[in-house]
DNA sequence: ACAAGTATAAAGGCATGCAT
DNA sequence: ATGCATGCCTTTATACTTGT
């Protein structure tokens with residue numbers, strides 16, 4: 001029976017019979033429903049349970065299953081090539097013509113093409129397998145549920161894989177993990193960066209970068225490190241922290257640029273450090289970003305000094321508020337409501353940097369970090385005297401100063417909302433649950449502080465010039481006291497248990513997160529082409545409701561596949577749906593050599609026409 | 001023989017509802 | 001509102017099957 005299903009060709013001119021994910025249960029099963037695999041502990045061979053019971057496996061077909069691999073066809077093919085390359089160091093990409101072997105072979109130049117690259121002549125098949133896996137992965141990622149939920153909605157996968165059924169959940173996970181282990185996540189991260197760069201160039205102009213952190217809850221019965229999770233009332237829960245950097249070109253959409261993985265309770269600076277640790281990425285950010293904005297968590301002196309040392313054009317806001325009426329010096333500019341804006345050198349942050357001692361060096365001082373006193377409620381006029389302290393890595397233009405509040409507040413639409421949108425479609429899912437025993441972030445911090453303290457002590461000892469004997473004796477006693485302090489702290493540190501677990505970025509989840517960034521950006525750039533404001537700014541969650549999560553009927557023909565998408569019941573919503581469909585068709589997507597055509601089904605009973 | 005893919009038992013994550 | 005117990009569902013680990 002299973003064999004019959006396997007040998008059946010999907011090629012035939014047929015219509016797959018997908019099932020509405022919501023209405024699921026009662027509909028007619030698709031041909032591959034005959035799979036022997038039954039979840040929920042009921043073996044197929046056990047006739048004691050009715051087949052309609054809870055555990056029966058019923059694939060549903062969501063538009064995303066087909067749309068994503070088509071939309072990302074180009075980058076995925078490229079990635080598959082890079083990933084199939086034999087053990088290259090992850091930082092090095094393959095040759096620029098690497099994507100040619102996966103294209104059709106019938107072209108007359110095909111032979112020369114194959115001979116021209118004998119190195120990869122053996123890998124095309126391997127690359128195309130990886131390409132298919134990646135396609136299946138992206139087709140499943142933006143869903144509720146994990147690996148199993150993904151499989152359940154991937155009923156339409158055979159349309160483009162040509163297989164008899166969707167990939168088994170365990171198969172895809174296995175491959176995702178394998179790819180991740182061999183440096184796949186870094187390759188996808190590179191693809192995301194390339195994608196963002198390309199988009200930024202197309203928008204012509206510099207970008208604004210944003211970085212924020214979010215804690216991802218991890219429910220576990222094993223001993224694990226915990227941290228306060230904002231979305232759960234700041235309760236202490238086992239967690240992983242992620243840093244997310246978003247970039248927005250002028251007039252463009254918010255594009256996800258980088259994601260990093262940290263221990264629970266990591267400060268924002270950790271994310272920034274990882275972001276700038278990579279030379280090319282740091283170079284790109286430095287040359288392309290006008291500002292790099294982050295939240296209060298990174299407004300401490302240590303972080304800002306770190307940023308200043310790297311000439312990052314940072315913009316953040318300090319914790320404490322003040323009153324603009326307290327400041328006497330001449331304001332640099334005025335807000336649109338005629339309130340004064342004061343700017344002064346940020347002495348605390350600038351301390352220790354080459355100072356403007358002489359007139360010649362005053363230029364250096366002008367480029368350094370500054371503090372901006374900006375009215376907290378400029379629109380309320382003189383009635384409100386509260387002011388915020390913004391801190392910038394380098395002086396702002398007068399135009400930027402005048403509307404500094406608005407500039408900073410772009411953090412919400414550009415960063416927070418992008419993050420929320422991603423989370424709404426499953427970005428914060430734990431797709432990999434491995435724990436490694438390690439130290440907590442708190443212990444790490446204590447260690448670095450202790451190291452600094454010991455360094456300071458040894459510096460002090462070295463710098464000590466003995467004068468009189470009593471003074472020397474006194475100094476020796478002082479040093480001994482300090483040394484003892486260090487040792488005691490060290491002992492305390494070692495006494496803390498270090499056998500708890502934390503999730504580490506070794507598994508498939510990093511790969512999947514980066515793939516989701518790639519997806520997010522691809523769709524954001526597509527939506528940008530719409531004339532409808534609602535569509536241009538549509539969130540991923542909404543997009544899922546209107547399009548990606550919809551079920552459809554497919555009509556397979558020789559050269560093209562038509563997806564008849566299930567319409568939403570509400571007429572005004574359907575207008576948006578139509579616009580989405582229009583955009584998709586305009587993009588003229590294709591999959592496995594077949595062009596994709598999207599159509600909206602009739603709202604009522606006419607669906608029988610197929 | 002090998003790798004891709006699948007099945008299945010056991011472990012344990014996560015949502016839910018209930019008691020407090 | 002908070003914390004805990006419960007149980008369904010997902011993930012893990014690994015053995016097994018199938019195709020080349």
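Of the conditions (1) closer than 27 Å to residue A:297 by Cα; (2) part of a loop (DSSP other than H, G, I, E, B); (3) modelled with pLDDT of 90 or more, residue A:387 satisfies every one except a single condition; which number is it?
(2)
I need a count of the residues in the range A:148-176 that are surrounded by fewer than 19 Cβ atoms within 10 Å (Cβ to Cβ) and more than 9 Å from DNA strand B (Cβ to nearest atom).
The initial filter retains those residues of the range A:148-176 that are surrounded by fewer than 19 Cβ atoms within 10 Å (Cβ to Cβ), namely A:148-149, A:162-163, A:168, A:170-171, A:174.
Now drop any that are not more than 9 Å from DNA strand B (Cβ to nearest atom), which leaves A:148-149, A:162.
The total comes to 3.
Taking only the range A:545-560 into account, find how many residues are in a strand (DSSP E or B) and crowded, with 21+ Cβ neighbours inside 10 Å.
Matching residues across the range A:545-560 total 3.
I'm trying to understand the selection: among the residues of the range A:562-594, which are in contact with a helix residue (DSSP H, G or I) (Cβ under 8 Å, 6 or more places away or on another chain), assigned to a helix (DSSP H, G or I) and surrounded by fewer than 17 Cβ atoms within 10 Å (Cβ to Cβ)?
Result: A:573, single match.
Among the residues of the range A:215-232, count how many are more than 15 Å from residue A:434 (Cβ to Cβ) and buried (at least 22 other Cβ atoms within 10 Å of the Cβ).
2
To keep it simple, each residue is scored yes or no on (1) away from DNA strand C (no atom under 16 Å from the Cβ); (2) touching a helix residue (DSSP H, G or I) at 6+ places or on another chain (Cβ under 8 Å); (3) within 18 Å of residue A:77 (Cα to Cα); (4) touching a residue at least 12 places away in the same chain (Cβ under 8 Å).
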site	(1), (2), (3), (4)
A:158	no, yes, no, yes
A:166	no, yes, no, yes
A:175	no, yes, yes, yes
A:182	yes, yes, yes, yes
A:189	yes, yes, yes, yes
A:200	yes, yes, no, yes
A:203	yes, no, no, yes
A:208	yes, yes, no, yes
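Cβ-Cβ distance below 6 Å, separation of 6 or more or different chains: which pairs start in the range A:453-474 with a residue that is exposed (fewer than 12 other Cβ atoms within 10 Å of the Cβ) and end on one that is assigned to a helix (DSSP H, G or I) and at pLDDT 85 or above?
Short answer, once both residue conditions are applied: A:466/A:472.
Of all residues in the range A:122-147 being within 13 Å of DNA strand B (Cβ to nearest atom) and outside any helix (DSSP H, G or I), which is modelled with the highest pLDDT?
If we take residues in the range A:122-147 being within 13 Å of DNA strand B (Cβ to nearest atom) and outside any helix (DSSP H, G or I), then A:146 is modelled with the highest pLDDT.
The values are calculated or read from the model by the stated rules, or taken from the named source; none is laboratory data. Because the structure is a prediction, the values reported are computed rather than measured. All Cβ positions, even for glycine, are placed from backbone atoms using ideal geometry, and neighbour counts span all protein chains on display.
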